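Taking it in order: structure first as structure tokens, then the write-up.
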Amino acid sequence: MNMTEYSELIKKAAEILPKGAFLTTANKNKTNTMTIGWGTFGFQWGIPTTEVMVRQSRFTKEILDNSMEFTLTFPYEESMKATLGYCGQKSGRDCDKIGDCSISLVPAKEITTPVVSCKGLVIECKVVAKTEMQTELTDSSVFDKWYKNGDLHTIYYGQVLACYELN
Ligand SMILES: Cc1cc2nc3c(=O)[nH]c(=O)nc-3n(C[C@H](O)[C@H](O)[C@H](O)COP(=O)(O)O)c2cc1C
């Protein structure tokens, strides 16, 4: 994919993200997906990257710390709204969100973690770095608004291995 095509897709992803996207992770026993609303897209270490922020309490963090890869699906259609709501409220620790919501999965192109399948945009990532946020390194304007309960984010830097649309 050339840089112009990639930039166009990333622009679309950034526009959809605040409405919700699926962050999908898997180990050999379970595939889980959770809704995300925050993230960044860029170029770091000379490679295209996507950063996602996952709080310590999430089941997703448990899986991701071991699998070190994830897929993102940015739905184009409003019909996924209820599923995004469910996957943003329920934890995979307590239920099977994929089964409960009858989510279709398809294999990824470059990694083993499956992709939530719907009309939308997919990004496949390998985690190349992660940073755990620290209270003393976080400005009080951010800490007081978002982290008073102490549930800090870990930021995962994903190398983008594939980026494409699903119809
Ligand atoms: C619109 C929306 C955006 C969200 N964005 C994030 C996010 O960026 N990071 C995060 O850790 N949790 C986010 N959440 C909360 C998680 O999706 C939620 O806690 C989920 O139940 C975690 O699932 P898990 O325990 O299976 O990982 C968001 C929820 C919603 C509804």
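The values are calculated or read from the model by the stated rules, or taken from the named source; none is laboratory data. Note that this is a predicted model, so its numbers are computed, not measured. Note that we place each Cβ from the backbone using ideal geometry, even for glycine, and neighbour counts take in every protein chain shown. Quick note on the areas: whole protein, heavy atoms, side chains included, nothing else; ligands and nucleic acids left out. Shrake-Rupley method; radii C 1.70, N 1.55, O 1.52, S 1.80 Å.
The heavy atoms of ARG58 offer some 90 square angstrom of accessible surface to a 1.4 angstrom probe.
The residues PHE70, PHE143, sorted by heavy-atom accessible surface at 1.4 Å with ligands and nucleic acids left out, run PHE143, PHE70 from largest to smallest.
Spacing of the modelled spin labels on ASN2 and LYS30, each 7 Å from Cα toward Cβ, amounts to 4.5 nm. Only protein heavy atoms count here; on that basis, with a 1.4 Å probe, LYS19 has an accessible area of about 150 Å².
With 16 Å as the cut-off, how large is the P(r) tail for segment 88-167, expressed as percent of Cα-Cα pairs? Before the final figure, lay out each step's value.
Details: 2144 of 3160 pairs.
More than 16 Å apart: 68 percent of the Cα pairs in segment 88-167.
Extending 7 Å from the Cα toward the beta-carbon at both ILE47 and ASN66 defines two label points whose distance is 2.3 nm.
With K and R counted +1 and D and E -1, the other residues having a Cβ less than 12 Å from that of ILE155 yield a net charge of +1. Using every pair of separate Cα atoms, the Kirkwood estimate puts the hydrodynamic radius of segment 9-58 at 12.3 angstrom.
With the cut-off at under 17 Å, measuring from each backbone N in segment 105-125 to a point 7 Å along the Cα-to-Cβ line of GLU165 picks out 117-124. Working note: Debye formula, equal point scatterers on the alpha-carbon atoms of the chain, no solvent; log10 I(q)/I(0) at q = 0.09, 0.11, 0.12, 0.19 Å⁻¹ is -0.28, -0.43, -0.51, -1.29. With a cut-off of 10 Å between beta carbons, the residues surrounding LYS126 carry a summed charge of -3, where Lys and Arg count +1 and Asp and Glu -1.
Counting heavy atoms of the protein chains alone, LEU137 has an accessible area of about 140 Å² for a 1.4 Å probe. Highest mean packing comes first when the peptides 149-157, 29-37, 41-49 are listed by Cβ atoms within 10 Å, giving 29-37, 149-157, 41-49.
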